[in-house]
Amino acid sequence: MARLNWTRGIVGGLAGTAVMTALMRMAPAMGLPPMNIGAMLGSVMGGSLVVGWMAHFVIGTVLAMVYAALFATRLPGPGFLRGALYGFAPWLVAQLVVMPMMGAGAFGGSFGAAFGSLMGHLVYGAVLGSIYGTAASGTLTTAHASA
């Protein structure tokens, strides 16, 4: 069993969350609805925008450690693909559980919101997977067998 690499997991989670956040902040420029995750989370956490953004990055880091512990060595392909495949799972949970809990309805109430969120989660996962790589290999990319 591969050893969990905490440093790469945390760095991958923070980097993936930062890139996802930048992409979602640019959503209106791409014709997608605004996606202010910090404001959405903050609205259910006492109304604090700062707490909402902090929660967003904590969630991204926790999800990265779940990826590292359970999925990094079980999904097929190179690191970025493994991560992108993993990104689909948190997206689906967000759309079916979190969005309705926040009053937005399943899939955020619109195709544009759901699509933008999917793109953000796939990019999050790809960045995470690229940074985390395969812990067993000790490299930042998929391990290659060598004789």
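Every number in this text was worked out from the coordinates using simple rules, so none of it is lab data. Since this is a predicted model, take the numbers as computed values, not measurements. Positions of Cβ are backbone-derived with ideal geometry, glycine not excepted, and every protein chain shown enters the neighbour counts.
For the range 9-29, taking the residues that are without any contact (Cβ under 8 Å) to a residue 60 or more places away in the chain, more than 10 Å from the chain's Cα centre (by Cα) and assigned to a helix (DSSP H, G or I), the one that is surrounded by the fewest Cβ atoms within 10 Å (Cβ to Cβ) is identified as Ala29.
Residues in the range 74-122 that are crowded, with 17+ Cβ neighbours inside 10 Å and aromatic (Phe, Trp, Tyr): Phe80, Tyr86, Trp91, Phe107. One residue alone among Val58, Val62 is out of contact with any Gly (no Cβ under 6 Å at 6 or more places or on another chain), in a helix (DSSP H, G or I) and either closer than 19 Å to Ala114 by Cα or in contact (Cβ under 8 Å) with a residue 40 or more places away in the chain (or both), and that residue is Val62. Just to be sure before I move on: is Ala39 without any contact (Cβ under 8 Å) to a residue 24 or more places away in the chain, out of contact with any helix residue (DSSP H, G or I) (no Cβ under 9 Å at 6 or more places or on another chain) and either surrounded by 15 or more Cβ atoms within 10 Å (Cβ to Cβ) or not in a loop (DSSP other than H, G, I, E, B) (or both) in the structure I sent? For Ala39, the condition - without any contact (Cβ under 8 Å) to a residue 24 or more places away in the chain, out of contact with any helix residue (DSSP H, G or I) (no Cβ under 9 Å at 6 or more places or on another chain) and either surrounded by 15 or more Cβ atoms within 10 Å (Cβ to Cβ) or not in a loop (DSSP other than H, G, I, E, B) (or both) - is not met. Regarding the range 71-91, can at least one residue be identified that is touching a residue at least 24 places away in the same chain (Cβ under 8 Å) and at positive phi? Within the range 71-91, one or more residues are touching a residue at least 24 places away in the same chain (Cβ under 8 Å) and at positive phi. Take the conditions (1) crowded, with 18+ Cβ neighbours inside 10 Å; (2) within 19 Å of Gly108 (Cα to Cα); Asn5 misses just one of them, which is (2). Put simply, of Ala15, Ala22, Ala29 the only residue that is of a type outside the set (Phe, Trp, Tyr) and within 15 Å of Phe115 (Cα to Cα) is Ala29.
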